[in-house]
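Novice: Attaching a single structure in C-alpha coordinates format; questions to follow.
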Amino acid sequence: MTPNPHVFDVTETNFEEAVIRKSLQTPVLVDFWATWCGPCRALGPILEKLAAEYNGAFVLAKVDVDKQQGLAAAFQIRSVPTVMLVKDGQLVDGFPGALPEGQLREFLKHHGIVPAAAQEAAPAAAPLDPHAEVMRLRKAVEAEPDKAELKLDLALALLRTGATAEAQQLLEALPANLATDDRAVRARAHLDFAAQLKDAPPAATLEAAIAANPDDLRARYLLGVHNLLAGDAEAALTQFMEMLRRDRHYQDGLPRKALIDAFRLIDDEDLVGRYRRQMSALLLA
(Lines give C-alpha, C1' and ligand atoms only; values in the text may rest on other atoms or scores of the structure.)
Protein backbone atom coordinates (compact mmCIF):
# COMPACT_ATOMS: atom_id res chain seq x y z
CA MET A 1 0.00 0.00 0.00
CA THR A 2 1.33 3.46 -0.92
CA PRO A 3 2.05 5.56 2.21
CA ASN A 4 -0.39 8.44 2.70
CA PRO A 5 1.59 11.68 3.29
CA HIS A 6 -1.47 13.29 4.91
CA VAL A 7 -1.80 10.67 7.69
CA PHE A 8 0.60 10.27 10.61
CA ASP A 9 0.83 8.96 14.15
CA VAL A 10 1.04 11.42 17.04
CA THR A 11 2.67 11.07 20.45
CA GLU A 12 2.89 13.33 23.49
CA THR A 13 6.39 14.24 22.34
CA ASN A 14 5.45 15.54 18.89
CA PHE A 15 1.86 16.70 19.53
CA GLU A 16 2.74 20.40 19.86
CA GLU A 17 4.61 20.44 16.54
CA ALA A 18 2.54 17.91 14.58
CA VAL A 19 -0.92 19.13 15.61
CA ILE A 20 -0.96 22.59 17.22
CA ARG A 21 1.66 24.24 15.02
CA LYS A 22 0.64 22.29 11.92
CA SER A 23 -2.94 23.51 12.39
CA LEU A 24 -1.77 27.10 11.95
CA GLN A 25 -1.34 26.26 8.24
CA THR A 26 -3.66 23.27 7.68
CA PRO A 27 -6.69 21.92 9.58
CA VAL A 28 -5.79 18.81 11.58
CA LEU A 29 -8.30 16.03 12.23
CA VAL A 30 -7.22 14.09 15.33
CA ASP A 31 -8.44 10.48 15.49
CA PHE A 32 -8.33 8.99 19.00
CA TRP A 33 -8.51 5.21 18.51
CA ALA A 34 -7.49 1.86 20.00
CA THR A 35 -6.47 -1.47 18.51
CA TRP A 36 -9.24 -3.37 20.37
CA CYS A 37 -12.00 -0.97 19.20
CA GLY A 38 -14.27 -2.38 16.45
CA PRO A 39 -15.79 0.97 15.39
CA CYS A 40 -12.25 2.40 15.19
CA ARG A 41 -11.36 -0.25 12.59
CA ALA A 42 -14.39 0.85 10.57
CA LEU A 43 -13.78 4.60 10.90
CA GLY A 44 -10.00 4.67 10.46
CA PRO A 45 -9.87 3.55 6.81
CA ILE A 46 -12.61 6.03 5.85
CA LEU A 47 -10.72 8.91 7.46
CA GLU A 48 -7.52 7.85 5.74
CA LYS A 49 -9.32 7.58 2.41
CA LEU A 50 -10.69 11.11 2.82
CA ALA A 51 -7.29 12.46 3.83
CA ALA A 52 -5.85 11.07 0.58
CA GLU A 53 -8.78 12.32 -1.51
CA TYR A 54 -8.72 15.81 -0.01
CA ASN A 55 -5.00 15.91 -0.86
CA GLY A 56 -3.76 18.29 1.82
CA ALA A 57 -6.96 20.24 2.53
CA PHE A 58 -6.62 18.65 5.98
CA VAL A 59 -4.26 16.16 7.61
CA LEU A 60 -5.13 13.21 9.83
CA ALA A 61 -3.30 12.74 13.14
CA LYS A 62 -3.76 9.29 14.70
CA VAL A 63 -3.57 8.91 18.50
CA ASP A 64 -3.50 5.40 19.99
CA VAL A 65 -5.11 6.07 23.39
CA ASP A 66 -3.50 3.01 25.01
CA LYS A 67 -0.01 4.19 24.09
CA GLN A 68 -0.73 7.92 24.57
CA GLN A 69 -2.74 7.97 27.76
CA GLY A 70 -1.54 11.47 28.64
CA LEU A 71 -3.03 12.90 25.44
CA ALA A 72 -6.26 10.99 25.97
CA ALA A 73 -6.51 12.41 29.49
CA ALA A 74 -5.70 15.95 28.32
CA PHE A 75 -8.54 15.82 25.80
CA GLN A 76 -10.88 14.05 28.26
CA ILE A 77 -11.44 11.15 25.88
CA ARG A 78 -14.17 8.97 27.40
CA SER A 79 -14.78 6.63 24.46
CA VAL A 80 -13.19 5.65 21.18
CA PRO A 81 -13.28 6.47 18.44
CA THR A 82 -13.41 10.20 19.12
CA VAL A 83 -12.46 12.68 16.42
CA MET A 84 -11.49 16.31 17.02
CA LEU A 85 -10.76 19.15 14.61
CA VAL A 86 -7.94 21.61 15.35
CA LYS A 87 -7.67 24.80 13.28
CA ASP A 88 -5.39 27.80 13.79
CA GLY A 89 -4.08 26.35 17.02
CA GLN A 90 -7.54 25.86 18.55
CA LEU A 91 -9.85 22.91 19.12
CA VAL A 92 -12.96 23.95 17.17
CA ASP A 93 -15.19 20.87 16.96
CA GLY A 94 -15.39 17.12 17.29
CA PHE A 95 -17.62 14.08 17.61
CA PRO A 96 -17.62 10.67 19.32
CA GLY A 97 -18.29 7.42 17.48
CA ALA A 98 -17.92 6.23 13.89
CA LEU A 99 -19.81 8.43 11.42
CA PRO A 100 -20.59 7.21 7.89
CA GLU A 101 -18.60 8.70 5.04
CA GLY A 102 -21.38 11.05 3.94
CA GLN A 103 -21.64 12.63 7.39
CA LEU A 104 -17.86 12.92 7.60
CA ARG A 105 -17.85 14.86 4.34
CA GLU A 106 -20.62 17.13 5.69
CA PHE A 107 -18.62 17.69 8.89
CA LEU A 108 -15.58 18.74 6.86
CA LYS A 109 -17.64 20.93 4.53
CA HIS A 110 -19.30 22.63 7.53
CA HIS A 111 -15.82 23.80 8.55
CA GLY A 112 -14.87 24.98 5.07
CA ILE A 113 -12.75 21.91 4.27
CA VAL A 114 -13.24 20.68 0.70
CA PRO A 115 -11.02 18.61 -1.62
CA ALA A 116 -8.06 20.66 -2.77
CA ALA A 117 -9.09 20.56 -6.45
CA ALA A 118 -12.63 21.70 -5.67
CA GLN A 119 -11.27 24.46 -3.46
CA GLU A 120 -9.20 25.81 -6.33
CA ALA A 121 -12.03 25.57 -8.85
CA ALA A 122 -14.82 27.05 -6.71
CA PRO A 123 -15.96 30.42 -8.10
CA ALA A 124 -16.46 33.35 -5.75
CA ALA A 125 -20.09 33.74 -4.75
CA ALA A 126 -21.77 37.06 -5.46
CA PRO A 127 -22.76 38.94 -2.28
CA LEU A 128 -26.49 38.93 -1.47
CA ASP A 129 -28.53 42.05 -0.73
CA PRO A 130 -29.48 41.43 2.94
CA HIS A 131 -32.80 43.27 2.66
CA ALA A 132 -33.77 41.33 -0.46
CA GLU A 133 -32.80 38.12 1.33
CA VAL A 134 -35.06 39.02 4.26
CA MET A 135 -37.99 39.53 1.88
CA ARG A 136 -37.31 36.24 0.12
CA LEU A 137 -37.12 34.33 3.39
CA ARG A 138 -40.26 35.93 4.80
CA LYS A 139 -42.16 34.57 1.82
CA ALA A 140 -40.53 31.17 2.25
CA VAL A 141 -41.55 31.06 5.94
CA GLU A 142 -45.11 32.05 5.05
CA ALA A 143 -45.24 29.22 2.53
CA GLU A 144 -43.75 26.65 4.95
CA PRO A 145 -44.40 27.93 8.51
CA ASP A 146 -43.43 24.62 10.14
CA LYS A 147 -39.98 24.52 8.56
CA ALA A 148 -37.71 25.69 11.39
CA GLU A 149 -34.60 25.83 9.19
CA LEU A 150 -36.15 28.69 7.22
CA LYS A 151 -36.77 30.62 10.44
CA LEU A 152 -33.13 30.26 11.36
CA ASP A 153 -32.15 31.52 7.91
CA LEU A 154 -34.51 34.47 8.36
CA ALA A 155 -33.04 35.28 11.78
CA LEU A 156 -29.55 35.37 10.30
CA ALA A 157 -30.69 37.60 7.45
CA LEU A 158 -32.43 39.95 9.90
CA LEU A 159 -29.23 40.29 11.90
CA ARG A 160 -27.43 41.45 8.77
CA THR A 161 -29.96 44.28 8.45
CA GLY A 162 -29.73 45.29 12.12
CA ALA A 163 -33.18 43.95 13.10
CA THR A 164 -31.88 42.34 16.29
CA ALA A 165 -35.16 42.23 18.26
CA GLU A 166 -37.04 40.18 15.66
CA ALA A 167 -33.99 37.99 15.06
CA GLN A 168 -33.76 37.23 18.78
CA GLN A 169 -37.44 36.22 18.94
CA LEU A 170 -36.93 33.78 16.08
CA LEU A 171 -33.78 32.32 17.63
CA GLU A 172 -35.44 31.83 21.02
CA ALA A 173 -38.28 29.90 19.38
CA LEU A 174 -36.03 27.44 17.54
CA PRO A 175 -36.39 23.72 18.38
CA ALA A 176 -33.62 22.08 20.38
CA ASN A 177 -31.99 20.43 17.37
CA LEU A 178 -31.40 23.83 15.73
CA ALA A 179 -30.65 25.81 18.87
CA THR A 180 -27.16 24.25 18.95
CA ASP A 181 -26.57 24.65 15.20
CA ASP A 182 -23.31 26.49 14.51
CA ARG A 183 -25.22 29.26 12.72
CA ALA A 184 -27.54 29.75 15.71
CA VAL A 185 -24.56 29.88 18.06
CA ARG A 186 -23.02 32.49 15.78
CA ALA A 187 -26.22 34.54 15.76
CA ARG A 188 -26.46 34.50 19.55
CA ALA A 189 -22.85 35.70 19.73
CA HIS A 190 -23.88 38.65 17.53
CA LEU A 191 -26.79 39.41 19.85
CA ASP A 192 -24.57 39.14 22.92
CA PHE A 193 -22.19 41.69 21.43
CA ALA A 194 -25.08 43.99 20.55
CA ALA A 195 -26.39 43.79 24.12
CA GLN A 196 -23.04 45.07 25.44
CA LEU A 197 -23.63 48.40 23.69
CA LYS A 198 -27.03 49.09 25.30
CA ASP A 199 -25.71 51.81 27.63
CA ALA A 200 -22.19 52.08 26.24
CA PRO A 201 -20.55 55.43 25.39
CA PRO A 202 -20.07 56.29 21.70
CA ALA A 203 -16.95 55.10 19.94
CA ALA A 204 -15.30 58.56 20.03
CA THR A 205 -15.63 58.72 23.83
CA LEU A 206 -14.09 55.25 24.18
CA GLU A 207 -11.20 56.20 21.88
CA ALA A 208 -10.49 59.22 24.07
CA ALA A 209 -10.59 57.05 27.20
CA ILE A 210 -8.06 54.62 25.70
CA ALA A 211 -5.79 57.48 24.62
CA ALA A 212 -5.83 58.76 28.22
CA ASN A 213 -5.33 55.30 29.74
CA PRO A 214 -4.17 52.47 27.43
CA ASP A 215 -4.88 49.99 30.23
CA ASP A 216 -8.61 50.81 30.24
CA LEU A 217 -9.62 47.34 29.08
CA ARG A 218 -13.35 47.98 29.48
CA ALA A 219 -13.10 50.85 27.02
CA ARG A 220 -11.08 48.66 24.64
CA TYR A 221 -13.68 45.92 24.83
CA LEU A 222 -16.61 48.25 24.12
CA LEU A 223 -14.73 49.98 21.30
CA GLY A 224 -13.97 46.57 19.81
CA VAL A 225 -17.67 45.67 19.95
CA HIS A 226 -18.57 49.00 18.30
CA ASN A 227 -16.09 48.26 15.51
CA LEU A 228 -17.26 44.68 15.06
CA LEU A 229 -20.93 45.55 14.70
CA ALA A 230 -20.07 48.48 12.43
CA GLY A 231 -18.32 46.06 10.07
CA ASP A 232 -14.70 47.02 10.87
CA ALA A 233 -13.59 43.52 11.81
CA GLU A 234 -9.85 44.17 11.91
CA ALA A 235 -10.22 47.18 14.20
CA ALA A 236 -12.32 45.04 16.53
CA LEU A 237 -9.81 42.19 16.59
CA THR A 238 -6.99 44.69 17.19
CA GLN A 239 -8.70 45.91 20.37
CA PHE A 240 -9.49 42.40 21.63
CA MET A 241 -5.94 41.23 20.89
CA GLU A 242 -4.49 44.19 22.77
CA MET A 243 -6.68 43.26 25.74
CA LEU A 244 -5.21 39.75 25.61
CA ARG A 245 -1.66 41.13 25.53
CA ARG A 246 -2.25 43.41 28.50
CA ASP A 247 -4.24 41.02 30.75
CA ARG A 248 -5.43 37.66 29.44
CA HIS A 249 -7.25 36.99 32.75
CA TYR A 250 -9.30 40.21 32.70
CA GLN A 251 -12.90 39.49 33.76
CA ASP A 252 -12.48 35.71 33.77
CA GLY A 253 -10.80 35.54 30.37
CA LEU A 254 -12.97 38.08 28.52
CA PRO A 255 -10.24 38.94 25.98
CA ARG A 256 -9.98 35.33 24.75
CA LYS A 257 -13.77 34.89 24.78
CA ALA A 258 -14.24 38.13 22.82
CA LEU A 259 -11.77 36.97 20.18
CA ILE A 260 -13.35 33.53 19.81
CA ASP A 261 -16.88 34.98 19.59
CA ALA A 262 -15.68 37.54 17.05
CA PHE A 263 -14.07 34.81 14.94
CA ARG A 264 -17.53 33.21 14.64
CA LEU A 265 -18.96 36.40 13.18
CA ILE A 266 -16.24 37.38 10.71
CA ASP A 267 -16.43 35.98 7.17
CA ASP A 268 -12.89 36.97 6.16
CA GLU A 269 -11.08 33.64 6.64
CA ASP A 270 -7.63 35.13 6.02
CA LEU A 271 -8.18 37.80 8.66
CA VAL A 272 -9.53 35.30 11.17
CA GLY A 273 -6.65 32.92 10.49
CA ARG A 274 -4.09 35.67 11.05
CA TYR A 275 -5.57 36.70 14.38
CA ARG A 276 -6.09 33.08 15.48
CA ARG A 277 -2.37 32.53 14.96
CA GLN A 278 -1.56 35.65 16.99
CA MET A 279 -3.88 34.52 19.77
CA SER A 280 -2.38 31.03 19.82
CA ALA A 281 1.15 32.45 19.92
CA LEU A 282 0.26 34.60 22.93
CA LEU A 283 -1.53 31.82 24.79
CA LEU A 284 1.20 29.26 24.12
CA ALA A 285 4.03 31.64 25.04
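The values are calculated or read from the model by the stated rules, or taken from the named source; none is laboratory data. Everything quoted here is computed from the prediction, not taken from an experiment. Positions of Cβ are generated from backbone atoms using ideal geometry, with glycine treated the same way; all protein chains shown enter the neighbour counts. Surface accessibility is based on the protein's heavy atoms, side chains included, excluding ligands, DNA and RNA. Shrake-Rupley method; radii C 1.70, N 1.55, O 1.52, S 1.80 Å.
Novice: Could you look through the range 108-134, keep only residues that are among the hydrophobic types (A, V, I, L, M, F, W, C) and part of a helix (DSSP H, G or I), and pick out the one that is modelled with the highest pLDDT?
Specialist: Taking the range 108-134 as the starting set, the residues that turn out to be among the hydrophobic types (A, V, I, L, M, F, W, C) are 108, 113-114, 116-118, 121-122, 124-126, 128, 132, 134.
Keeping just the survivors that are part of a helix (DSSP H, G or I) gives 108, 116-118, 121, 132, 134.
Values: Leu108: 93, Ala116: 76, Ala117: 63, Ala118: 49, Ala121: 45, Ala132: 87, Val134: 88.
Ranking the qualifying residues of the range 108-134, first place goes to Leu108.
Novice: Residues to consider are Leu244, Leu223, Leu237; find the one that is in contact with a Pro (Cβ under 7 Å, 6 or more places away or on another chain) and buried (at least 18 other Cβ atoms within 10 Å of the Cβ).
Specialist: Values: Leu223 fails: in contact with a Pro (Cβ under 7 Å, 6 or more places away or on another chain); Leu237 fails: in contact with a Pro (Cβ under 7 Å, 6 or more places away or on another chain).
One residue alone meets the criteria, Leu244.
Novice: Follow-up question, since we're still on this one. Among the numbered conditions (1) under 27 Å from Ala281 (Cβ atoms); (2) aliphatic (A, V, I, L, M); (3) not in a helix (DSSP H, G or I), tell me where Val80 comes up short.
Specialist: So Val80 meets the others, but not (1).
Novice: Somewhere in the range 250-271, is a residue hydrophobic (A, V, I, L, M, F, W, C), in contact (Cβ under 8 Å) with a residue 24 or more places away in the chain and not in a helix (DSSP H, G or I)?
Specialist: To start, the set of residues in the range 250-271 that are hydrophobic (A, V, I, L, M, F, W, C) comprises 254, 258-260, 262-263, 265-266, 271.
Still in the running and in contact (Cβ under 8 Å) with a residue 24 or more places away in the chain: 254, 258, 260, 262, 265-266, 271.
Now narrow it down to the ones that are not in a helix (DSSP H, G or I): 266.
Within the range 250-271, one or more residues are hydrophobic (A, V, I, L, M, F, W, C), in contact (Cβ under 8 Å) with a residue 24 or more places away in the chain and not in a helix (DSSP H, G or I).
Novice: Within the range 32-47, restricting attention to residues that are free of Cβ contacts under 8 Å to residues at least 40 places away in the same chain and of a type outside the set (A, V, I, L, M, F, W, C), which residue is farthest from Leu282 (Cα to Cα)? Talk me through it step by step, then tell me what you get.
Specialist: Taking the range 32-47 first, the residues free of Cβ contacts under 8 Å to residues at least 40 places away in the same chain are 35-36, 38, 41, 44-45.
Filter once more, so that each one left must be of a type outside the set (A, V, I, L, M, F, W, C): 35, 38, 41, 44-45.
Working: Thr35: 37, Gly38: 40, Arg41: 38, Gly44: 34, Pro45: 36 Å.
Only one residue fits best here, namely Gly38.
Novice: In addition: Could you tell me whether Val80 is in contact with a Phe, Trp or Tyr (Cβ under 9 Å, 6 or more places away or on another chain), surrounded by 16 or more Cβ atoms within 10 Å (Cβ to Cβ) and more than 19 Å from Phe8 (Cα to Cα)? Show your work before the answer.
Specialist: Numbers: in contact with a Phe, Trp or Tyr (Cβ under 9 Å, 6 or more places away or on another chain): yes; surrounded by 16 or more Cβ atoms within 10 Å (Cβ to Cβ): yes; more than 19 Å from Phe8 (Cα to Cα): no.
Here the answer is no, as Val80 does not meet what is asked.
Novice: With of a type outside the set (Asp, Glu), assigned to a helix (DSSP H, G or I), in contact (Cβ under 8 Å) with a residue 40 or more places away in the chain and open to solvent by less than 60 Å² (accessible area, probe 1.4 Å) as the only criterion, which of Leu60, Leu50, Leu29 stands out? I'd like the intermediate steps shown before the answer.
Specialist: Working: Leu60 fails: assigned to a helix (DSSP H, G or I); Leu29 fails: assigned to a helix (DSSP H, G or I).
It is Leu50.
Novice: Scan (1) open to solvent by less than 50 Å² (accessible area, probe 1.4 Å); (2) more than 22 Å from Gln25 (Cα to Cα); (3) in a helix (DSSP H, G or I) for the single condition Arg218 breaks and write down its number.
Specialist: All conditions are met except number (1).
Novice: Determine the pairs where a residue that is on the phi < 0 side of the Ramachandran plot, located within the range 228-249, has a partner that is assigned to a helix (DSSP H, G or I) and of a type in the set (Lys, Arg) with Cβ atoms under 8 Å apart, the partner being 6 or more residues away or on another chain.
Specialist: Gln239/Arg220; Phe240/Arg220; Glu242/Arg220; Met243/Arg220; Leu244/Arg256; Arg248/Arg256
Novice: Sticking with this one: Got a sec? Which of Arg183, Arg218, Arg160, Arg188 is basic (Lys, Arg) and farther than 25 Å from Leu254 by Cβ? Walk me through it before giving the result.
Specialist: Numbers: Arg183 fails: farther than 25 Å from Leu254 by Cβ; Arg218 fails: farther than 25 Å from Leu254 by Cβ; Arg188 fails: farther than 25 Å from Leu254 by Cβ.
The unique qualifying residue is Arg160.
Novice: Now, a different point. Looking only at the range 32-45, how many residues end up being surrounded by fewer than 18 Cβ atoms within 10 Å (Cβ to Cβ) and either under 24 Å from Asp88 (Cα atoms) or polar (S, T, N, Q) (or both)?
Specialist: Number of matching residues: 1.
Novice: If you check Lys87 against the conditions, is it open to solvent by 40 Å² or more (accessible area, probe 1.4 Å), touching a residue at least 24 places away in the same chain (Cβ under 8 Å), among the basic types (Lys, Arg) and within 28 Å of Ile266 (Cβ to Cβ)? Before the answer, list the steps.
Specialist: Details: open to solvent by 40 Å² or more (accessible area, probe 1.4 Å): yes; touching a residue at least 24 places away in the same chain (Cβ under 8 Å): yes; among the basic types (Lys, Arg): yes; within 28 Å of Ile266 (Cβ to Cβ): yes.
For Lys87, the condition - open to solvent by 40 Å² or more (accessible area, probe 1.4 Å), touching a residue at least 24 places away in the same chain (Cβ under 8 Å), among the basic types (Lys, Arg) and within 28 Å of Ile266 (Cβ to Cβ) - is met.
Novice: Within the range 248-261, which residues are over 17 Å from His190 (Cβ atoms) and either open to solvent by 60 Å² or more (accessible area, probe 1.4 Å) or touching a Cys at 6+ places or on another chain (Cβ under 9 Å) (or both)?
Specialist: Arg248, His249, Gln251, Asp252, Arg256
Novice: Taking the range 156-214 as the search range and keeping residues that are of a type in the set (Val, Ile, Thr) and part of a helix (DSSP H, G or I), which one is surrounded by the most Cβ atoms within 10 Å (Cβ to Cβ)?
Specialist: So the first thing to find is which residues in the range 156-214 are of a type in the set (Val, Ile, Thr), and the list is 161, 164, 180, 185, 205, 210.
Still in the running and part of a helix (DSSP H, G or I): 161, 164, 185, 205, 210.
Details: Thr161: 14, Thr164: 17, Val185: 13, Thr205: 13, Ile210: 19.
Among those that are of a type in the set (Val, Ile, Thr) and part of a helix (DSSP H, G or I), it is Ile210.
Novice: Report, by residue number, each residue of the range 60-91 that is aliphatic (A, V, I, L, M) and more than 16 Å from Trp33 (Cα to Cα). Steps first, answer last, please.
Specialist: First pass over the range 60-91, keeping only residues aliphatic (A, V, I, L, M): 60-61, 63, 65, 71-74, 77, 80, 83-86, 91.
Those that are aliphatic (A, V, I, L, M) and more than 16 Å from Trp33 (Cα to Cα): Val86, Leu91.
Novice: Against the condition in contact with a strand residue (DSSP E or B) (Cβ under 9 Å, 6 or more places away or on another chain) and under 30 Å from Asp93 (Cβ atoms), how does Asp192 come out, does it pass? Steps first, please.
Specialist: On the way: in contact with a strand residue (DSSP E or B) (Cβ under 9 Å, 6 or more places away or on another chain): no; under 30 Å from Asp93 (Cβ atoms): yes.
For Asp192, the condition - in contact with a strand residue (DSSP E or B) (Cβ under 9 Å, 6 or more places away or on another chain) and under 30 Å from Asp93 (Cβ atoms) - is not met.
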